[in-house]
């Protein structure tokens, strides 16, 4: 038996440590430990509730927008404040483009190299690669010329012997099985993705006034002035620019990102068998379509024990069952206290003890839903929508299944999606849905403005005494909720139950492990010194622990340490 | 155009990196806000606080002629010391030297852009040695005092390259919203 510690897990946002026990080439025990303390909730106490979002969007350097939106929604919920439809659409467009950006970066820059072996690219037949790529997609950037140029860059890199950031990959690992041609195609898209990462940021910048850290939010709506004929406001030109950027961005999502994930799924079918983990799923409704947020373009719901027929919808943000079900437990986290607390009563008082696997071992609390651990993220999003017959979810999920079956002859079912590969595929399916919705919400905004509505903001009024509110957002990594208690307009408590907390949850007071920990059970590990397969499953969740930054010494190296005992 | 982010019109970016809640790690954002309020500069310059963007740094370096990054740099020098680094400095001594706490992603972002053919023409890091990067304790006085000197260094650096940049006679008031509250917020509750 070998005990493997990976600390830190690389190519994620932030710091994560994973410990596994491997017996006979298979993981039989796992622990997930977040090694950074996030105490930002404490900073919000005593602050003006109208400004909470400005602080909240610094919770994390990457998920800025998502915390801003959950924070304003929490305060608006406490005040029972309606949001003008224009503000809903503008917020939705920002959220969609932020998510597209995030999903593209995750697949290409943070996880593709778990599956793609760059060192095999010099051996590829570029003409054959072009014919494979052009045969599976109508994307214009797959020409032989394009692929040869990328191949030459990689040849140069390999010949120089200076691999730089690529020097620590598990190249030549027996679990790397793509053909040189597929490796070339994927890596070519890895480089092209940079341009589309930038385009999605531009949409957020145009509407949000700046990226990262948008400036246009307000409790009660958005501060975008709308005047179709004024240079300084959201006008005809800006709307046209947004349309043009989206028309560039969408084909990359639907004809490259999704297609690459289908190619990957077909090439690694065994990964539909690993990584199932906690099969309870939670997604919250998002992309509201009206002022009172009664209708949504993304459905929410709960699935227990992997049984899609058991799906229960979360119809809107007022859902009482959700509010009562969510608790956080600190038995195994470095905070004082233990037993589950409802977030409004949540505490964040540190109690660091070092890594003690039978006691406290992480900065992440254990969130529970009616006492059960839940998996959140694009997979939960897709399964909850699919189970409820949501047309857009069905359209893109079925399209992915058809692509995999017709091009590659592999039959994938919604049940197979409950796996490591399913989480990758779900992220690209969700992105394809969001790409459709980006245009839809831009059209909703235009139509509403052309109908003469230029309202973007309702003034909030704070009552004397205490009010409480909860704001939800189906963020790129899954269900996010902010819970706030406000007294005379200032915060007295703020707790954020974040997606990575759900997924990276430690064991709870009953000893029940969280999704990362459970998903690793049964995961293969061919070579304990090179635990590539563990990274595949961990990366499938898109970990983001970057809720605060870490600092390093000028002399300090930070290369992933893999310790085998 | 200022503070817009990923602005294709701007060929020069002055970028602050750092976590405003981690004491002196907030040097970058502080200098950006100080510079923005104290100087008038060419339209080709984008001045932006990026916080701790991780790999999301790449879009802000994409295709720029010149990038100036302002950040806290841990070193053996006395706290408050300003130093300049060029890209070559840390490429050549890569194994021994990391420039800033946010360097892991700066390095990756640059490498990605270089391969894709969109790397910035030149990159300069303006670093200050921090005194303390402790959560929620606020930035040290010594580092706050150095912010105007660092701003003038940025101005000089731009002027040396023929980019217009002048000190305003009267500086605007910087919005340092993350600094500790000195008095309770004024909210009218009804």
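The values are calculated or read from the model by the stated rules, or taken from the named source; none is laboratory data. For clarity, every value in this text was computed on a predicted model and none was experimentally measured. With ideal geometry, Cβ positions are generated from the backbone for all residues, glycine too; neighbour counts draw on all protein chains shown.
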### Query
What do you reckon, is residue A:214 within 30 Å of residue A:80 (Cβ to Cβ) and crowded, with 23+ Cβ neighbours inside 10 Å?
yes
### Task
Output the number of the condition that residue A:207 fails; it satisfies all remaining conditions of (1) closer than 26 Å to residue B:56 by Cα; (2) out of contact with any strand residue (DSSP E or B) (no Cβ under 8 Å at 6 or more places or on another chain); (3) part of a helix (DSSP H, G or I).
(2)
#### Entry: Conditions (1) away from chain B (no Cβ under 14 Å); (2) free of Cβ contacts under 8 Å to residues at least 12 places away in the same chain; number of the one not met by residue A:215
(1)
#### Entry: Selection count, region B:110-123, where residues are in contact (Cβ under 8 Å) with a residue 40 or more places away in the chain and surrounded by 18 or more Cβ atoms within 10 Å (Cβ to Cβ)
7
### Task
For region A:24-82, please list each of the helices (runs of 4 or more DSSP H) lying entirely inside it that holds at least 1 residues being surrounded by fewer than 24 Cβ atoms within 10 Å (Cβ to Cβ) and modelled with pLDDT under 85.
A:40-44
### Query
Just wondering, is there one or more residues in region A:448-458 that are farther than 25 Å from residue A:243 by Cβ and either part of a strand (DSSP E or B) or touching a residue at least 12 places away in the same chain (Cβ under 8 Å) (or both)?
yes
### Task
Find the strands (runs of 3 or more DSSP E) located wholly in region B:34-79 whose residues include 2 or more that are buried (at least 24 other Cβ atoms within 10 Å of the Cβ) and facing chain A (nearest Cβ under 9 Å), and list them.
B:45-51
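Please go through region A:159-170 and pick out each residue that is in contact (Cβ under 8 Å) with a residue 12 or more places away in the chain and buried (at least 16 other Cβ atoms within 10 Å of the Cβ).
A:166, A:169, A:170
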### Task
Would you check which residues across region A:481-522 are more than 22 Å from residue A:335 (Cβ to Cβ) and crowded, with 24+ Cβ neighbours inside 10 Å and list them?
A:486, A:519, A:520
### Message
When you scan region A:382-393, do you find a residue that is part of a loop (DSSP other than H, G, I, E, B), surrounded by fewer than 16 Cβ atoms within 10 Å (Cβ to Cβ) and in contact with a strand residue (DSSP E or B) (Cβ under 8 Å, 6 or more places away or on another chain), even just one?
### Response
no
### Task
Considering every residue within region A:452-470, establish whether at least one is under 27 Å from residue A:107 (Cβ atoms) and within 14 Å of chain B (Cβ to nearest Cβ).
no
### Message
Within region A:230-242, does at least one residue satisfy the condition of being part of a loop (DSSP other than H, G, I, E, B), surrounded by 21 or more Cβ atoms within 10 Å (Cβ to Cβ) and within 14 Å of chain B (Cβ to nearest Cβ)?
### Response
no
### Message
Can you confirm whether residue B:154 is closer than 16 Å to residue B:28 by Cα and either modelled with pLDDT of 95 or more or within 14 Å of another protein chain (Cβ to nearest Cβ) (or both)?
### Response
yes
### region A:460-488: number of residues that are more than 32 Å from the chain's Cα centre (by Cα) and part of a loop (DSSP other than H, G, I, E, B)
5
